[in-house]
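K.L.:
Have a look at this one before I ask anything.
The values are calculated or read from the model by the stated rules, or taken from the named source; none is laboratory data. In this text the structure is predicted, and so the values were computed from the model without any measurement. When we count neighbours, we look across all protein chains shown, and the Cβ atoms used for this are built from the backbone with ideal geometry, even at glycine.
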Amino acid sequence: MAAWRSANVGITTDTGRLEAKTPLGREPAAAILGGYIQRNQQPHVMPPGPEWIDLGYGKWEHAIWITSERLAELLGDALDRTLVEREAFKASSNAAKIKTILDQPGPLVAFGTRDRRFDALLDRTKWLESIARQSQ
């Protein structure tokens, strides 16, 4: 963050992009990211604590891996486990496909295998717009 504070920064574009170089020769976003990575990845022979993960090339990172259990714990009721079985979807009629996609909550539709393994993600809005254009 020291590099960020000492940078000469100004918003100079219509999009609001920060344009400046820090004393290290990097743009502010790169300086912030570099500092974050440096603070969270450290060279150690042994793990400095229980939440440090060996990255395998002489560095350790302070992190907790996201497992399905941890994700469910973190997201709680906000976790949407809705999954459309991909092969059944492919085999259905066009009308059934449209109904299936329309019936899904939210902007994205998750597809998976019969044993409920995630396979793909579909942008529901773009797919429906594409169907609408084809029907014109």
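K.L.:
Identify the residue in segment 84-136 that is of a type in the set (Phe, Trp, Tyr) and in a strand (DSSP E or B) and, among all such residues, is farthest from the chain's Cα centre (by Cα).
P.N.:
Among those residues, the one meeting the criterion is 111.
K.L.:
If you don't mind, there's one more thing I want to ask. Yes or no: residue 34 free of Cβ contacts under 8 Å to residues at least 60 places away in the same chain, at positive phi and not charged (D, E, K, R)?
P.N.:
no
K.L.:
When residues of segment 57-76 are filtered for being assigned to a loop (DSSP other than H, G, I, E, B) and either surrounded by 10 or more Cβ atoms within 10 Å (Cβ to Cβ) or out of contact with any Pro (no Cβ under 7 Å at 6 or more places or on another chain) (or both), how many remain?
P.N.:
6
K.L.:
(1) among the small types (Gly, Ala, Ser); (2) at pLDDT 80 or above; (3) exposed (fewer than 10 other Cβ atoms within 10 Å of the Cβ): which one isn't true of residue 49, the others all being true?
P.N.:
Evaluating residue 49 over (1) among the small types (Gly, Ala, Ser); (2) at pLDDT 80 or above; (3) exposed (fewer than 10 other Cβ atoms within 10 Å of the Cβ) leaves (2) as the failure.
K.L.:
I've got another one for you. Return the residues of segment 83-115 that are exposed (fewer than 11 other Cβ atoms within 10 Å of the Cβ) and among the basic types (Lys, Arg); say none if nothing qualifies.
P.N.:
Correct list: 90, 114.
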